[in-house]
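Undergrad: Shown below is the structure under consideration.
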Amino acid sequence: MPSAAILAFDDCYASSVGGFADILQIANAHLKRQDGPAAALFDWQFVSPSGAPAMASNGLSLQTQQIKQRQRFDVIFVPSIHYRGHREFDRLLERQSDACAWLVGQWRAGSWIAANCTGTFLLAQTGLLDGRAATTTWWLERQFRAKFPNVDLQLRPVLTEADRLICAGASASYLLQAIHVVERFFGPAMASRCAKSMLIDVSQTSQIPYIPLLVQRSHSDSLVHRAQQWLQSNMDRDLRISDLAEALGISDRTLIRRFRSALDQTPLAYLQDLRLESARALLETSALNVEDVAGQVGYGDTSSFSRLFKQRIGMSPGAYRDRFQPDPGH
(Lines give C-alpha, C1' and ligand atoms only; values in the text may rest on other atoms or scores of the structure.)
Protein backbone atom coordinates (compact mmCIF):
# COMPACT_ATOMS: atom_id res chain seq x y z
CA MET A 1 0.00 0.00 0.00
CA PRO A 2 1.84 3.14 -1.18
CA SER A 3 1.59 5.96 1.34
CA ALA A 4 1.37 9.56 0.16
CA ALA A 5 1.73 12.86 1.99
CA ILE A 6 0.17 15.95 0.45
CA LEU A 7 1.84 19.03 1.88
CA ALA A 8 -0.46 21.99 2.59
CA PHE A 9 0.47 25.51 3.66
CA ASP A 10 -0.99 28.99 3.53
CA ASP A 11 -1.46 30.38 0.00
CA CYS A 12 -1.19 27.02 -1.74
CA TYR A 13 -3.65 26.25 -4.54
CA ALA A 14 -6.54 24.15 -3.25
CA SER A 15 -7.06 22.67 -6.72
CA SER A 16 -3.64 21.01 -6.80
CA VAL A 17 -3.87 19.86 -3.16
CA GLY A 18 -7.28 18.25 -3.62
CA GLY A 19 -6.82 17.33 -7.25
CA PHE A 20 -3.74 15.23 -6.62
CA ALA A 21 -5.65 13.25 -3.97
CA ASP A 22 -8.63 12.89 -6.32
CA ILE A 23 -6.49 11.13 -8.92
CA LEU A 24 -5.09 8.78 -6.28
CA GLN A 25 -8.70 8.03 -5.35
CA ILE A 26 -9.55 7.28 -8.99
CA ALA A 27 -6.51 4.98 -9.14
CA ASN A 28 -7.76 3.16 -6.05
CA ALA A 29 -11.17 2.61 -7.66
CA HIS A 30 -9.53 1.02 -10.71
CA LEU A 31 -7.19 -1.05 -8.53
CA LYS A 32 -10.16 -2.42 -6.55
CA ARG A 33 -11.90 -3.46 -9.75
CA GLN A 34 -8.74 -5.06 -11.05
CA ASP A 35 -7.39 -6.80 -7.95
CA GLY A 36 -10.39 -7.08 -5.64
CA PRO A 37 -10.16 -6.92 -1.83
CA ALA A 38 -6.44 -7.72 -1.89
CA ALA A 39 -5.61 -4.60 -3.94
CA ALA A 40 -2.67 -2.51 -2.72
CA LEU A 41 -4.27 0.93 -2.60
CA PHE A 42 -2.88 4.41 -2.20
CA ASP A 43 -3.21 5.83 1.29
CA TRP A 44 -2.76 9.59 1.76
CA GLN A 45 -2.69 12.29 4.38
CA PHE A 46 -2.81 16.08 4.16
CA VAL A 47 0.10 17.25 6.30
CA SER A 48 1.85 20.39 7.52
CA PRO A 49 4.69 21.03 10.00
CA SER A 50 2.30 22.43 12.64
CA GLY A 51 -0.82 20.38 11.96
CA ALA A 52 -2.87 23.59 11.93
CA PRO A 53 -5.39 24.28 9.14
CA ALA A 54 -3.80 25.83 6.06
CA MET A 55 -5.58 28.69 4.30
CA ALA A 56 -5.51 28.07 0.57
CA SER A 57 -5.16 31.04 -1.76
CA ASN A 58 -8.87 30.94 -2.62
CA GLY A 59 -9.89 31.16 1.06
CA LEU A 60 -10.60 27.46 1.55
CA SER A 61 -9.43 26.11 4.92
CA LEU A 62 -7.52 22.83 4.54
CA GLN A 63 -7.37 20.50 7.52
CA THR A 64 -3.94 18.92 8.04
CA GLN A 65 -2.19 16.44 10.27
CA GLN A 66 1.07 17.38 11.91
CA ILE A 67 4.18 15.91 10.34
CA LYS A 68 5.66 13.08 12.42
CA GLN A 69 9.41 12.98 11.99
CA ARG A 70 9.64 9.19 12.19
CA GLN A 71 6.82 8.51 9.76
CA ARG A 72 7.97 7.71 6.25
CA PHE A 73 5.99 8.14 3.03
CA ASP A 74 6.46 6.58 -0.37
CA VAL A 75 5.57 9.78 -2.21
CA ILE A 76 5.15 13.42 -1.18
CA PHE A 77 3.32 16.06 -3.20
CA VAL A 78 4.25 19.75 -2.97
CA PRO A 79 1.40 21.82 -4.45
CA SER A 80 1.57 25.05 -6.40
CA ILE A 81 1.68 28.35 -4.52
CA HIS A 82 -0.18 31.54 -5.38
CA TYR A 83 2.33 34.15 -6.53
CA ARG A 84 1.69 37.57 -4.96
CA GLY A 85 4.89 39.23 -6.10
CA HIS A 86 8.62 38.68 -5.80
CA ARG A 87 9.16 39.82 -2.19
CA GLU A 88 6.06 38.27 -0.69
CA PHE A 89 6.76 34.99 -2.48
CA ASP A 90 10.33 34.94 -1.13
CA ARG A 91 9.04 35.58 2.40
CA LEU A 92 6.57 32.71 2.06
CA LEU A 93 9.38 30.38 0.98
CA GLU A 94 11.55 31.48 3.91
CA ARG A 95 8.77 30.46 6.31
CA GLN A 96 8.92 26.88 5.03
CA SER A 97 12.27 25.91 6.58
CA ASP A 98 10.68 23.12 8.66
CA ALA A 99 8.94 21.71 5.59
CA CYS A 100 12.21 21.84 3.62
CA ALA A 101 14.12 19.94 6.29
CA TRP A 102 11.36 17.33 6.41
CA LEU A 103 11.41 16.91 2.63
CA VAL A 104 15.17 16.32 2.65
CA GLY A 105 14.82 13.66 5.36
CA GLN A 106 12.00 11.92 3.52
CA TRP A 107 13.90 11.88 0.22
CA ARG A 108 17.03 10.50 1.87
CA ALA A 109 14.87 7.73 3.35
CA GLY A 110 13.68 6.76 -0.14
CA SER A 111 10.57 8.87 -0.78
CA TRP A 112 9.58 10.21 -4.17
CA ILE A 113 8.85 13.95 -4.15
CA ALA A 114 6.60 15.60 -6.74
CA ALA A 115 6.54 19.42 -6.83
CA ASN A 116 4.02 21.31 -8.95
CA CYS A 117 4.36 24.71 -10.62
CA THR A 118 5.57 27.31 -8.08
CA GLY A 119 5.95 24.48 -5.56
CA THR A 120 9.16 23.65 -7.44
CA PHE A 121 10.69 26.75 -5.80
CA LEU A 122 10.08 25.15 -2.41
CA LEU A 123 11.67 21.89 -3.56
CA ALA A 124 14.63 23.77 -5.06
CA GLN A 125 15.10 25.59 -1.75
CA THR A 126 15.91 22.24 -0.12
CA GLY A 127 18.99 21.94 -2.36
CA LEU A 128 17.83 18.57 -3.65
CA LEU A 129 17.46 19.87 -7.20
CA ASP A 130 21.02 21.20 -7.42
CA GLY A 131 22.73 19.56 -10.38
CA ARG A 132 19.49 17.85 -11.41
CA ALA A 133 16.95 18.48 -14.16
CA ALA A 134 13.81 20.37 -13.16
CA THR A 135 11.06 22.45 -14.66
CA THR A 136 8.70 25.11 -13.35
CA THR A 137 6.00 27.47 -14.53
CA TRP A 138 7.35 29.22 -17.64
CA TRP A 139 6.56 32.80 -16.60
CA LEU A 140 8.82 32.60 -13.54
CA GLU A 141 11.79 31.20 -15.47
CA ARG A 142 14.06 34.21 -14.86
CA GLN A 143 13.29 34.36 -11.16
CA PHE A 144 13.92 30.62 -10.78
CA ARG A 145 17.24 30.76 -12.64
CA ALA A 146 18.41 33.75 -10.59
CA LYS A 147 17.44 32.15 -7.27
CA PHE A 148 18.62 28.60 -8.03
CA PRO A 149 21.49 28.83 -10.55
CA ASN A 150 22.71 25.30 -9.77
CA VAL A 151 19.49 23.65 -10.95
CA ASP A 152 19.37 22.32 -14.52
CA LEU A 153 16.15 24.16 -15.40
CA GLN A 154 14.41 22.89 -18.53
CA LEU A 155 11.37 24.74 -19.87
CA ARG A 156 10.52 22.45 -22.80
CA PRO A 157 9.12 19.41 -20.92
CA VAL A 158 5.91 19.58 -18.90
CA LEU A 159 7.41 17.04 -16.48
CA THR A 160 10.95 16.23 -15.41
CA GLU A 161 12.13 13.31 -13.31
CA ALA A 162 15.55 12.95 -11.73
CA ASP A 163 16.47 10.68 -8.80
CA ARG A 164 12.90 10.39 -7.45
CA LEU A 165 12.25 14.12 -7.86
CA ILE A 166 9.37 14.94 -10.22
CA CYS A 167 8.77 18.55 -11.23
CA ALA A 168 5.90 19.93 -13.28
CA GLY A 169 5.11 23.15 -15.13
CA ALA A 170 2.16 25.50 -14.58
CA SER A 171 -0.50 24.62 -12.04
CA ALA A 172 -2.87 22.41 -14.04
CA SER A 173 0.02 20.07 -14.86
CA TYR A 174 -0.61 18.42 -11.48
CA LEU A 175 -3.01 16.22 -13.48
CA LEU A 176 -0.18 14.84 -15.60
CA GLN A 177 2.07 14.68 -12.55
CA ALA A 178 -0.39 12.57 -10.58
CA ILE A 179 -0.83 10.20 -13.54
CA HIS A 180 2.97 9.95 -13.68
CA VAL A 181 3.03 8.96 -10.00
CA VAL A 182 0.38 6.30 -10.62
CA GLU A 183 2.55 4.94 -13.43
CA ARG A 184 5.63 4.82 -11.19
CA PHE A 185 3.81 2.76 -8.55
CA PHE A 186 1.34 0.69 -10.60
CA GLY A 187 2.60 0.73 -14.19
CA PRO A 188 1.61 2.32 -17.51
CA ALA A 189 -1.59 0.32 -18.01
CA MET A 190 -3.11 1.56 -14.76
CA ALA A 191 -1.90 5.10 -15.44
CA SER A 192 -3.52 5.00 -18.89
CA ARG A 193 -6.78 3.74 -17.41
CA CYS A 194 -6.87 6.61 -14.92
CA ALA A 195 -6.01 9.21 -17.55
CA LYS A 196 -8.72 7.99 -19.93
CA SER A 197 -11.40 7.89 -17.25
CA MET A 198 -10.60 11.53 -16.32
CA LEU A 199 -10.01 12.79 -19.90
CA ILE A 200 -6.41 13.75 -19.12
CA ASP A 201 -4.38 14.25 -22.30
CA VAL A 202 -1.08 12.52 -21.56
CA SER A 203 0.24 13.41 -25.01
CA GLN A 204 0.81 16.96 -23.71
CA THR A 205 4.51 16.54 -23.02
CA SER A 206 5.86 19.96 -24.02
CA GLN A 207 5.27 23.43 -22.58
CA ILE A 208 6.65 25.17 -25.67
CA PRO A 209 3.34 25.60 -27.57
CA TYR A 210 1.94 27.49 -24.55
CA ILE A 211 4.88 29.81 -23.90
CA PRO A 212 4.74 33.30 -25.47
CA LEU A 213 7.78 34.14 -27.54
CA LEU A 214 7.44 37.83 -26.79
CA VAL A 215 7.90 38.20 -23.05
CA GLN A 216 6.79 41.64 -21.91
CA ARG A 217 9.94 43.33 -20.68
CA SER A 218 9.61 46.86 -19.36
CA HIS A 219 12.31 49.29 -20.39
CA SER A 220 12.71 53.05 -20.70
CA ASP A 221 14.56 53.26 -24.03
CA SER A 222 12.34 55.44 -26.22
CA LEU A 223 14.34 54.58 -29.34
CA VAL A 224 13.73 50.84 -28.82
CA HIS A 225 10.03 51.56 -28.23
CA ARG A 226 9.95 53.35 -31.59
CA ALA A 227 11.78 50.43 -33.19
CA GLN A 228 9.28 47.94 -31.79
CA GLN A 229 6.36 49.97 -33.13
CA TRP A 230 8.00 50.26 -36.56
CA LEU A 231 8.60 46.52 -36.75
CA GLN A 232 5.00 45.78 -35.72
CA SER A 233 3.76 48.05 -38.53
CA ASN A 234 6.13 46.68 -41.18
CA MET A 235 6.65 43.00 -40.32
CA ASP A 236 4.79 41.83 -43.43
CA ARG A 237 7.53 43.37 -45.60
CA ASP A 238 10.80 41.77 -46.67
CA LEU A 239 12.95 43.57 -44.10
CA ARG A 240 16.60 44.02 -43.35
CA ILE A 241 17.89 45.45 -40.11
CA SER A 242 19.44 48.28 -42.09
CA ASP A 243 15.90 49.32 -43.13
CA LEU A 244 14.95 49.76 -39.49
CA ALA A 245 18.18 51.57 -38.64
CA GLU A 246 17.64 53.94 -41.58
CA ALA A 247 14.04 54.62 -40.51
CA LEU A 248 15.27 55.57 -37.03
CA GLY A 249 18.25 57.56 -38.30
CA ILE A 250 20.88 55.50 -36.48
CA SER A 251 23.60 53.00 -37.36
CA ASP A 252 23.06 49.23 -37.43
CA ARG A 253 25.58 48.85 -34.62
CA THR A 254 23.80 51.35 -32.36
CA LEU A 255 20.45 49.72 -33.06
CA ILE A 256 21.73 46.26 -32.14
CA ARG A 257 23.45 47.56 -28.99
CA ARG A 258 20.33 49.40 -27.77
CA PHE A 259 18.10 46.36 -28.47
CA ARG A 260 20.41 44.03 -26.57
CA SER A 261 20.50 46.40 -23.61
CA ALA A 262 16.72 46.90 -23.46
CA LEU A 263 15.36 43.50 -24.54
CA ASP A 264 18.30 41.11 -24.27
CA GLN A 265 17.96 40.12 -27.93
CA THR A 266 18.81 41.42 -31.39
CA PRO A 267 16.34 43.31 -33.58
CA LEU A 268 16.28 40.36 -35.99
CA ALA A 269 15.44 37.90 -33.19
CA TYR A 270 12.70 40.24 -31.97
CA LEU A 271 11.26 40.49 -35.50
CA GLN A 272 11.24 36.70 -35.81
CA ASP A 273 9.43 36.31 -32.49
CA LEU A 274 6.99 39.05 -33.45
CA ARG A 275 6.15 37.31 -36.72
CA LEU A 276 5.71 33.91 -35.10
CA GLU A 277 3.49 35.32 -32.34
CA SER A 278 1.35 37.02 -34.97
CA ALA A 279 1.17 33.74 -36.89
CA ARG A 280 0.02 31.93 -33.74
CA ALA A 281 -2.76 34.48 -33.26
CA LEU A 282 -3.91 34.07 -36.88
CA LEU A 283 -3.87 30.27 -36.60
CA GLU A 284 -5.96 30.47 -33.43
CA THR A 285 -8.54 32.96 -34.68
CA SER A 286 -8.76 32.96 -38.48
CA ALA A 287 -9.66 30.58 -41.31
CA LEU A 288 -6.60 31.59 -43.36
CA ASN A 289 -4.59 28.72 -44.82
CA VAL A 290 -0.97 28.30 -43.77
CA GLU A 291 0.34 29.94 -46.94
CA ASP A 292 -1.74 33.08 -46.34
CA VAL A 293 -0.72 33.18 -42.66
CA ALA A 294 2.92 33.00 -43.68
CA GLY A 295 2.46 35.83 -46.17
CA GLN A 296 0.65 38.07 -43.68
CA VAL A 297 3.51 37.87 -41.20
CA GLY A 298 6.27 38.44 -43.74
CA TYR A 299 7.32 34.98 -44.96
CA GLY A 300 7.15 34.47 -48.71
CA ASP A 301 8.37 30.87 -48.50
CA THR A 302 5.70 28.77 -46.80
CA SER A 303 7.95 25.74 -46.32
CA SER A 304 10.62 27.86 -44.58
CA PHE A 305 7.93 29.40 -42.37
CA SER A 306 6.57 25.97 -41.46
CA ARG A 307 10.03 24.63 -40.61
CA LEU A 308 10.80 27.64 -38.41
CA PHE A 309 7.38 27.46 -36.75
CA LYS A 310 7.85 23.80 -35.87
CA GLN A 311 11.38 24.41 -34.65
CA ARG A 312 10.34 27.22 -32.30
CA ILE A 313 6.81 26.17 -31.27
CA GLY A 314 7.29 22.41 -31.21
CA MET A 315 4.57 21.50 -33.71
CA SER A 316 3.58 22.31 -37.28
CA PRO A 317 1.26 25.27 -38.02
CA GLY A 318 -1.53 22.84 -38.90
CA ALA A 319 -1.12 20.87 -35.68
CA TYR A 320 -1.03 24.11 -33.71
CA ARG A 321 -4.33 25.21 -35.27
CA ASP A 322 -5.93 21.84 -34.52
CA ARG A 323 -4.95 22.12 -30.86
CA PHE A 324 -5.67 25.77 -30.14
CA GLN A 325 -8.37 27.01 -32.50
CA PRO A 326 -11.83 26.84 -30.85
CA ASP A 327 -14.24 24.33 -32.34
CA PRO A 328 -16.38 26.38 -34.77
CA GLY A 329 -19.36 24.23 -33.87
CA HIS A 330 -19.36 25.50 -30.28
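Undergrad: Please give the length that would be gained between ILE250 and ASP221 if that part of the chain were fully extended, namely 0.36 nm times their separation in residues minus their C-alpha to C-alpha distance (nm, one decimal).
TA: Using 0.36 nm per residue and subtracting the Cα-Cα distance, I get 9.0 nm.
Undergrad: Additional query: P(r) of the chain in 20 Å steps, Cα pairs, percent per bin?
TA: The percentages, shortest bin first, are 27, 48, 23, 2.
Undergrad: Related question: Check the straight Cα-Cα distances from LYS196 and name the lysines below 20 Å, setting aside those fewer than 8 residues away within the same chain.
TA: Those lysines meeting the cut-off are LYS32.
Undergrad: Still on this structure, I have one more. Report, to the nearest 10°, how far helix 222-234 tilts away from the longest principal axis of the Cα atoms in the chain, using its own Cα long axis and a range of 0 to 90°.
TA: 80
Undergrad: Would you mind getting the accessible area per residue of the chain, heavy atoms of the protein chains only, 1.4 Å probe, in Å²?
TA: The answer is 49 Å² per residue.
Undergrad: Suppose R0 equals 41 Å; then what is the FRET efficiency for GLN232 and ARG33 from their Cβ-Cβ distance, rounded to the nearest 0.05? The partial results should precede the final answer.
TA: Details: r = 57 Å, r/R0 = 1.38.
That gives a FRET efficiency of 0.15.
Undergrad: If you take all C-alpha pairs in region 113-155, what percent of them are over 13 Å apart? Each step should come with its number before you reach the end.
TA: Working: 383 of 903 pairs.
Summing the P(r) tail past 13 Å for region 113-155 gives 42 percent.
Undergrad: How far is it, in nm, from the label point at LEU214 to the one at ARG260 when both lie 7 Å from their Cα along the line to the Cβ?
TA: Placing both labels 7 Å along Cα→Cβ, they lie 2.3 nm apart.
Undergrad: Let me know the shape class of region 24-155, please: from the alpha-carbon gyration tensor, a ≥ b ≥ c as square roots of the eigenvalues, rounded when a/c is under 1.5, otherwise prolate if a/b is greater than b/c, or oblate.
TA: Here region 24-155 falls in the prolate category.
Undergrad: I'd like the carbon and sulfur percentage of the solvent accessible area for the chain, probe radius 1.4 Å, heavy atoms only, ligands and nucleic acids excluded.
TA: 48
Undergrad: Quick one: if you stick a label point 7 Å off each Cα along the C-beta vector at ARG307 and ALA319, how many nm between them?
TA: 1.7
Undergrad: Could you tell me how many degrees, from 0 to 90 and to the nearest 10, lie between the Cα long axis of helix 97-108 and the main elongation axis, the longest principal axis, of the Cα atoms of the chain?
TA: That works out to roughly 80 degrees.
Undergrad: Can you give the calculated 222 nm mean residue ellipticity of the chain, where each DSSP H run of n ≥ 4 adds -39,500 (n - 2.57) and the sum is split over every residue, rounded to the nearest 500 deg cm²/dmol?
TA: Computed mean residue ellipticity for the chain: -14500 deg cm²/dmol.
Undergrad: Pairs of Cα atoms under 8 Å, at least six residues apart: use those to get the relative contact order of the chain, whole percent.
TA: This gives 12 percent for the chain.
Undergrad: Then there's this: Could you tell me the calculated FRET efficiency between ARG72 and LYS196, based on Cβ-Cβ distance and R0 = 35 angstrom, to the nearest 0.05?
TA: Given R0 = 35 Å and the Cβ-Cβ separation, E is 0.65.
Undergrad: Using only the Cα atoms of region 14-78, build the gyration tensor, take square roots of its eigenvalues as a ≥ b ≥ c, and label the shape rounded, prolate or oblate: rounded if a/c is under 1.5, else prolate if a/b is larger than b/c, else oblate.
TA: Working: a/c = 3.16, a/b = 1.59, b/c = 1.99.
Judged from the Cα gyration tensor, region 14-78 comes out oblate (a/c at least 1.5, b/c at or above a/b).
Undergrad: If I fit a long axis through the Cα atoms of helix 14-35 and take the longest principal axis of the Cα atoms of the chain, what angle between them do I get, 0 to 90°, rounded to 10?
TA: Orientation of helix 14-35: about 60 degrees from the principal axis.
The values are calculated or read from the model by the stated rules, or taken from the named source; none is laboratory data. Every value quoted in this text rests on a predicted model; they were computed, and no experiment measured them. No Cβ is skipped: glycine too gets one built from the backbone with ideal geometry, and neighbour counts run over all protein chains shown. Only protein heavy atoms, including side chains, enter the accessible area calculation; ligands, DNA and RNA are left aside. Shrake-Rupley method; radii C 1.70, N 1.55, O 1.52, S 1.80 Å.
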